[in-house]
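Here's the structure we're looking at; comments come further down.
The values are calculated or read from the model by the stated rules, or taken from the named source; none is laboratory data. Just so we're clear, the structure is a prediction, and the values are computed from it rather than from any experiment. Backbone-built Cβ (ideal geometry, glycine too); neighbour counts: all protein chains shown.
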């Protein structure tokens, strides 16, 4: 027997890591990863398309190791089931002992919201006044919630009008009257299943920023390849994004090379340039990193003593 291991439900994770704390945790994780202090191999996909996929995501940093086993099954809501489910396991990196078990859906949503808004704040124009989130599922709501927590008003749009209204009411956001209104914002975050293009050719205007959060696996896309190629592109991790994100399509088409793509971590560390002009269009291709999950899990662990957690006896 090794004792009781705390188990964080989704609600526990949300209580332990509010949006503003999540942004700072994810910022630190990006910088630590860029500097080689936190490491991770690319995520592994076990696909069962068109139904969905399973993902195994390990990471090492901050004296801990993490493994996230998470699913993405876009058709699940029609069955009354969540799109994203799974577990996050956190172990002591010195002893290998299990330290905590966390709900993967909550960890994923919180770090997705944090990364989307962090990229938007870092790459958007300094005078950007309007923001929007396209897609009002669990992760889209997390993005909108993070914008609101950072003091920014935000438009929300979803293909389901009722979901748009519900999300806006829940989060203190404004329902967009149309997709076109949402896409006209200075800062746009897209969080869709990635099965249909949201941003076709010519849809982005000078000075806009878009955080592309939905196309996080092979075969998915939210933006036309030629539209992405005319932006200043940043990614979370080149190896992962160039094989399973929006970038994969542009790389395959020969429109984008590795040298054309900035890394958000390098920019946050002050070791790479960001936006170069007010007219430049910037894009962030997010595939979701295990180091982000590790950052949220460690932030949650710090507050474990304050929460009434369940436990797993080993």
Just one of the numbered conditions (1) farther than 18 Å from residue 141 by Cα; (2) in a loop (DSSP other than H, G, I, E, B) is not true of residue 226; which one?
-> (2)
Filter pass, residue 23 being buried (at least 19 other Cβ atoms within 10 Å of the Cβ), at pLDDT 95 or above and not assigned by TED's automatic domain parsing to the domain that holds residue 182 | yes
Some residue of region 275-286 being surrounded by 20 or more Cβ atoms within 10 Å (Cβ to Cβ), closer than 15 Å to residue 25 by Cβ and under 20 Å from the mean Cα position of the chain (by Cα) | no
Taking the condition at pLDDT below 95 and assigned to a helix (DSSP H, G or I), does residue 239 pass?
-> yes
Identify the residue in region 127-137 that is at pLDDT 95 or above and out of contact with any strand residue (DSSP E or B) (no Cβ under 8 Å at 6 or more places or on another chain) and, among all such residues, is surrounded by the most Cβ atoms within 10 Å (Cβ to Cβ).
-> 129
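Filter region 1-35 down to residues that are outside any helix (DSSP H, G or I) and in contact with a helix residue (DSSP H, G or I) (Cβ under 9 Å, 6 or more places away or on another chain) and give me whichever is farthest from residue 145 (Cα to Cα). First the steps, then the outcome.
Keep residues of region 1-35 that are outside any helix (DSSP H, G or I), which gives 1-9, 17-18, 35.
Keeping just the survivors that are in contact with a helix residue (DSSP H, G or I) (Cβ under 9 Å, 6 or more places away or on another chain) gives 6, 8-9, 17-18, 35.
Numbers: 6: 27, 8: 21, 9: 19, 17: 13, 18: 10, 35: 30 Å.
Ranking the candidates gives 35 first.
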Restrict the check to region 199-207 and report whether at least one residue is assigned by TED's automatic domain parsing to the domain that holds residue 275, modelled with pLDDT of 95 or more, under 14 Å from the mean Cα position of the chain (by Cα) and farther than 22 Å from residue 265 by Cα.
-> no
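Being closer than 23 Å to residue 77 by Cβ and either in contact with a helix residue (DSSP H, G or I) (Cβ under 7 Å, 6 or more places away or on another chain) or not in a helix (DSSP H, G or I) (or both) is the filter here; which residues of region 171-187 pass it? Spell out how you get there, then give the answer.
Going through region 171-187, the residues closer than 23 Å to residue 77 by Cβ turn out to be 171, 173, 175-176, 178-179, 182.
Hits for region 171-187 are 171, 173, 175, 176, 178.
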Unmet requirement for residue 295, which otherwise passes all of (1) surrounded by 24 or more Cβ atoms within 10 Å (Cβ to Cβ); (2) in the same structural domain as residue 71 (by TED's automatic domain parsing); (3) over 17 Å from the mean Cα position of the chain (by Cα) = (3)
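Being assigned to a helix (DSSP H, G or I) and at pLDDT 95 or above narrows it down to one residue among 278, 272, 299, 248; which is it? Before the answer, list the steps.
Details: 278 fails: assigned to a helix (DSSP H, G or I); 272 fails: assigned to a helix (DSSP H, G or I); 248 fails: at pLDDT 95 or above.
Going through 278, 272, 299, 248 in turn, just one is assigned to a helix (DSSP H, G or I) and at pLDDT 95 or above: 299.
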Kindly provide the set of residues from region 225-237 that are over 16 Å from residue 274 (Cα atoms), in contact with a helix residue (DSSP H, G or I) (Cβ under 9 Å, 6 or more places away or on another chain) and surrounded by fewer than 24 Cβ atoms within 10 Å (Cβ to Cβ), ordered by number.
-> 225, 226, 229
Pick from region 32-44 the residues that are surrounded by fewer than 19 Cβ atoms within 10 Å (Cβ to Cβ) and at pLDDT 90 or above: which of them is nearest to residue 100 (Cα to Cα)?
-> 39
Apart from one, (1) in contact with a strand residue (DSSP E or B) (Cβ under 9 Å, 6 or more places away or on another chain); (2) surrounded by 19 or more Cβ atoms within 10 Å (Cβ to Cβ); (3) not in a loop (DSSP other than H, G, I, E, B) all hold for residue 217; the odd one out is (3)
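Output the strands (runs of 3 or more DSSP E) that fall wholly within region 52-157 and possess 3 or more residues being touching a residue at least 12 places away in the same chain (Cβ under 8 Å), over 30 Å from residue 184 (Cα atoms) and more than 13 Å from the chain's Cα centre (by Cα), or say none.
Values: elements: 52-61, 64-72, 86-92, 98-103, 131-134, 155-157.
Hits in region 52-157: 52-61, 64-72, 86-92, 98-103.
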Select from region 251-265 the residues that are part of a helix (DSSP H, G or I) and in contact with a strand residue (DSSP E or B) (Cβ under 9 Å, 6 or more places away or on another chain) and write down the one among them that is surrounded by the most Cβ atoms within 10 Å (Cβ to Cβ).
-> 264
Just one of the numbered conditions (1) touching a strand residue (DSSP E or B) at 6+ places or on another chain (Cβ under 7 Å); (2) surrounded by fewer than 24 Cβ atoms within 10 Å (Cβ to Cβ); (3) at pLDDT 95 or above is not true of residue 94; which one?
-> (1)
